[in-house]
């Protein structure tokens with residue numbers, strides 16, 4: 001079967017040079033243009049490499065094992081009746097106040113703390129997860145790699161480049177691909193296709209499809225009222241919403257699933273949902289203060305930010321994300337004692353967030369405790385390789401007399417940030433270390 005594509009005659013030779021063939025949409029069965037082929041195993045590999053980085057970029061996972069198990073169970077119920085039940089699905093809650101959700105290739109789905117706490121019942125949660133699942137089953141993110149600006153990064157990851165260790169172009173490409181996939185904006189048709197698939201999955205899993213209608217009506221009220229900045233920065237940025245989209249979904253439910261209305265076989269399940277998110281909702285005031293403090297810090301009002309971070313830590317005690325921000329703010333203010341106190345506690349509570357380990361590494365480097373600085377900065381880099389972390393780790397290696405590792409890391413930073421502040425500083429240190 002031949003892919004059908006309308007092209008300008010002048011561009012046809014170029015297209016022939018790039019065209020690798022056709023890809024089959026697992027949902028529709030249609031042949032689609034693909035500049036390079038991505039097998040299921042490669043799709044899974046991309047998701048496995050980018051999902052942990054994406055979660056770190058968005059605040060890390062919410063440290064609530066019961067909530068995590070609940071969300072995974074709801075997602076699994078939908079995944080097993082989808083067109084692609086054999087993918088290694090993961091459904092995670094990431095620690096961000098902005099209402100948001102995303103899907104990466106291979107079955108990796110995230111929903112934010114902010115969106116989850118705003119919902120009312122399990123059917124609405126299933127609607128969010130089902131919609132994102134639709135993007136996975138229809139391979140919408142893979143299509144973005146096959147057709148768009150992520151082509152080069154996708155081929156690099158498929159070539160195994162991002163699976164190597166260290167820093168520089170190696171890890172940059174995996175990180176850039178993760179960021180690109182998160183920023184990828186779906187087309188109107190892709191959003192509508194995922195809406196319909198999400199409803200289909202809801203019904204097959206025994207949920208009332210009215211949950212999907214409720215969700216879209218809630219989104220519409222947000223748009224009508226003038227969406228708050230967090231909505232515009234989150235869900236509505238990558239998932240374009242409109243009244244027409246809501247009406248089309250309502251019509252789809254009315255025409256295809258009229259028999260579910262009033263049927264006891266299809267449920268919304270508000271009680272189980274409220275129980276599952278109760279702990280999350282108790283923390284809301286603390287995270288509201290945390291978001292305010294972040295704004296003050298971004299505006300350069302560091303003393304005011306610290307004061308509000310302290311209020312947030314009181315309202316929501318033992319939250320690693322809040323303590324990490326508070327400790328880091330103290331470091332910026334030059335108070336290493338207070339910084340160490342809060343960062344230590346953050347790492348004790350949840351050592352799986354790169355910023356807390358990065359802050360501890362910086363602190364230990366300042367204290368010239370090089371062996372411990374190396375351990376903390378290596379942990380930070382394993383969670384999310386960053387330019388700042390790489391530069392600090394190079395300094396820790398140098399202080400710990402691991403000169404070969406220091407040279408390798410400085411060289412990687414100099415190459416990755418050529419012309420930048422850290423890149424130039426790394427090049428200078430490299431020159432010093434390599435001087436005869």
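No lab work stands behind these numbers, since they all come straight from the coordinates. Keep in mind that what you see is a predicted model, and the values were worked out from it rather than measured. Note that we place each Cβ from the backbone using ideal geometry, even for glycine, and neighbour counts take in every protein chain shown.
Here are a few things to note about the model shown:
- Relative contact order, whole percent, for the stretch 290-434 stands at 13, derived from Cα pairs under 8 Å and 6 or more residues apart.
- Residue order, fewest to most surrounding Cβ atoms within 10 angstrom, among 45, 263, 117, 112: 263, 117, 45, 112
- Sequence of 377, 321, 387, 310 once ranked by neighbouring C-beta atoms within 10 Å, starting from the fewest: 310, 387, 321, 377
- Listed from fewest to most Cβ neighbours within 10 Å, the set 189, 42 follows the order 189, 42.
- Cα-based shape type of the stretch 324-396, given that a ≥ b ≥ c are square roots of the gyration tensor eigenvalues and the cut on a/c is 1.5: oblate
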